[in-house]
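Following: one structure in structure tokens, then a few remarks.
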Amino acid sequence: MRLDKYLADMKLGTRSEVKKLIQKGKIKVDGTVIKKADFHVSDGAKVTYLDEEIDYVAYEYYLLNKPKGYYSTLDYSPNVLELIDSRRKDLAPVGRLDKDTEGLILITNDGQMAHKLISPKSHINKRYYVITDKLLPLDIGKDLEKGVDLGDFVSMPAVYEPIDEYSCFLTIQEGKYHQVRRMFEHFGLTVIYLKRMSFSFLELGNLESGEYRELTEAEVEALQNV
Ligand code: URA
């Protein structure tokens, strides 16, 4: 990999900023000052800036408990990436949660994995905790489980778990825009609280709102095989 890309990927600066650092002789590779931006950094080489080592991290995977009020679209602020102290500059959320939805969202720069996880063909279960503004009709579960005609599409069968008169868990495999809210609106109910509890085998666990953790190697490997 080119030296300027290596440094820019690791957030030392923009491509032109790191080129200047290289020209000024501030970067060493394996102990030698390198002044060429297109220098090829081989695997395992030790790269330093002002004698501090800069490790190269190819992929990062985070599980965040997204707080209400944060965007999962990166064009807006505050967004979910602002909560993560990452090494790479190219992270992105896997799929979307509405600004007002809380809960589990994955964040990675592994585009291939993200693409696979958001594909409807992967049939990933996403379990939501839902609170509605009005009493949940007794037979709503039956209808949600059958699939709901939302006009532009019919939702795939969901799994409904009632909790009390106003709250339930709903597990769906799709991820259409505002899907859970729209499924309840179909029955005249407004979702007043929505939280994603799990994504495939990953659970929020005891992460507080706004907290995150890195996925373990075993979790990454398991996600690659879902
Ligand atoms: N369904 C919604 O309506 N909103 C979300 O954020 C996620 C699922």
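Observations on the structure shown:
- Subset of region 94-126 (residues that are in a helix (DSSP H, G or I) and of a type in the set (Gly, Ala, Ser)): Gly111, Ala114, Ser122
- Restricting region 146-163 to residues that are open to solvent by less than 10 Å² (accessible area, probe 1.4 Å) and within 12 Å of the ligand (Cβ to nearest atom), the residue that is farthest from Glu219 (Cα to Cα): Ser155
- Scanning region 58-80 for residues that are over 24 Å from the mean Cα position of the chain (by Cα) and either open to solvent by 20 Å² or more (accessible area, probe 1.4 Å) or over 29 Å from Leu223 (Cα atoms) (or both) turns up nothing.
- Within region 64-105, the set of residues being farther than 29 Å from Leu7 by Cα and aliphatic (A, V, I, L, M) comprises Leu97, Leu104.
- In region 183-197, the residues that are open to solvent by 10 Å² or more (accessible area, probe 1.4 Å) and either out of contact with any Asp or Glu (no Cβ under 8 Å at 6 or more places or on another chain) or more than 16 Å from Arg96 (Cα to Cα) (or both): Glu185, His186, Phe187, Gly188, Thr190, Val191, Ile192, Tyr193
- Some residue of region 210-224 being of a type in the set (S, T, N, Q), within 16 Å of the ligand (Cβ to nearest atom) and under 20 Å from Gly95 (Cα atoms): no
- Beta carbons closer than 6 Å, at least 6 apart along the sequence or on distinct chains, pair a first residue in region 164-187 that is within 17 Å of Gly147 (Cβ to Cβ) and within 11 Å of the ligand (Cβ to nearest atom) with a second that is part of a helix (DSSP H, G or I) and of a type outside the set (A, V, I, L, M, F, W, C) for Glu174/Pro120.
- Subset of region 81-109 (residues that are away from the ligand (no atom under 16 Å from the Cβ), without any contact (Cβ under 8 Å) to a residue 40 or more places away in the chain and open to solvent by 70 Å² or more (accessible area, probe 1.4 Å)): Glu82, Asp85
- Members of region 110-134 found to be under 17 Å from Val220 (Cα atoms), open to solvent by 60 Å² or more (accessible area, probe 1.4 Å) and away from the ligand (no atom under 15 Å from the Cβ), listed by number: Gln112, His115, Lys116
The values are calculated or read from the model by the stated rules, or taken from the named source; none is laboratory data. Because the structure is predicted, anything quoted here is derived from the model rather than measured. Note that we place each Cβ from the backbone using ideal geometry, even for glycine, and neighbour counts take in every protein chain shown. These accessible areas exclude ligands, DNA and RNA; they are computed on the full protein's heavy atoms, side chains included. Shrake-Rupley method; radii C 1.70, N 1.55, O 1.52, S 1.80 Å.
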